[in-house]
1. Would you pull out the residues with amide H under 5 Å of Ser33's amide H, same chain only if 5 or more places away, H placed 1.01 Å from N?
2. Using Cα-only point scatterers and the Debye equation, what is log10 of I(q)/I(0) for the range 1-106 at each q in 0.13, 0.16 Å⁻¹, rounded to two decimals?
3. Which ³J(HN,Hα) values, rounded to whole Hz and listed in residue order, are derived for the range 54-60 from phi using the Karplus coefficients 6.51, -1.76 and 1.60 in 6.51 cos²θ - 1.76 cosθ + 1.60 with θ = phi - 60°, glycine and proline given as x?
4. Between Glu44 and Glu22, with labels modelled 7 Å along Cα→Cβ, what's the label distance in nm to one decimal, could you check?
5. I'd like the trypsin sites (Lys or Arg not before Pro) in the range 1-72 restricted to DSSP loop residues with at most 11 other Cβ atoms within 10 Å, sorted by number.
6. Through the Karplus equation 6.51 cos²θ - 1.76 cosθ + 1.60, θ set to phi - 60°, convert the phi angles of the range 12-20 into ³J(HN,Hα) values in whole Hz; use x for Gly and Pro.
7. Show me, for the range 39-44, the HN-Hα J-couplings you get by feeding each phi into the Karplus relation (A = 6.51, B = -1.76, C = 1.60, θ = phi - 60°), rounded to Hz, glycine and proline as x.
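Please treat every number below as a calculation from the coordinates, not as lab data. Predicted model, so just to flag it, every value in this text is computed and none were measured. Ideal geometry is used to build each Cβ from the backbone, glycine not excepted, and the neighbour counts take in all protein chains shown.
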Amino acid sequence: MDDRRSKPRLSVNLDAVWHGGEERHSAQITDLSEGGCYLDTVGEVLAGEIVAFRVLLPDGDWLYLEGEVRHHRHGRGFGVQFVELNEEQSTNLARLLQIAKEAGPEAPAISADLVED
């Protein structure tokens with residue numbers, strides 16, 4: 001993304017699963033903010049599309065989010081702006097961002113293993 005972001009993004013390494021049409025795709029979330037994230041994935045999306053996805057949190061719980069695709073790179077991934085976060089989603093997202101901030105810029109990114117349900 002470019003400098004139009006209203007919230008700073010933090011480097012993370014979180015496993016995620018997103019749904020595009022009838023298909024389910026795996027992804028890595030490589031940066032994250034209160035307003036959106038980037039999903040590193042090979043699945044295809046269109047700008048403006050609303051994408052539902054689940055993020056595996058470091059404690060093993062899942063965080064369900066939806067975002068509007070703001071930009072995409074064919075075969076590489078896409079950035080989303082979160083839409084309609086409820087209180088629980090906002091709280092879990094804030095907790096996740098706090099963990100990433102506490103890890104600091106010199107520490108390895110947050111990481112978790114993907115567990116399929």
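1. Result for Ser33 returns Leu10.
2. For the requested q values the scattering log ratios are -0.42, -0.65.
3. 10, 10, 7, 7, x, 7, x
4. For Glu44 paired with Glu22, the spin-label model returns 1.6 nm.
5. Arg4
6. Running phi through 6.51 cos²θ - 1.76 cosθ + 1.60 with θ = phi - 60° gives 9, 9, 10, 6, 8, 10, 10, 10, x Hz.
7. Whole-Hz 3J(HN,Hα) from phi for the range 39-44: 9, 8, 7, 9, x, 9.
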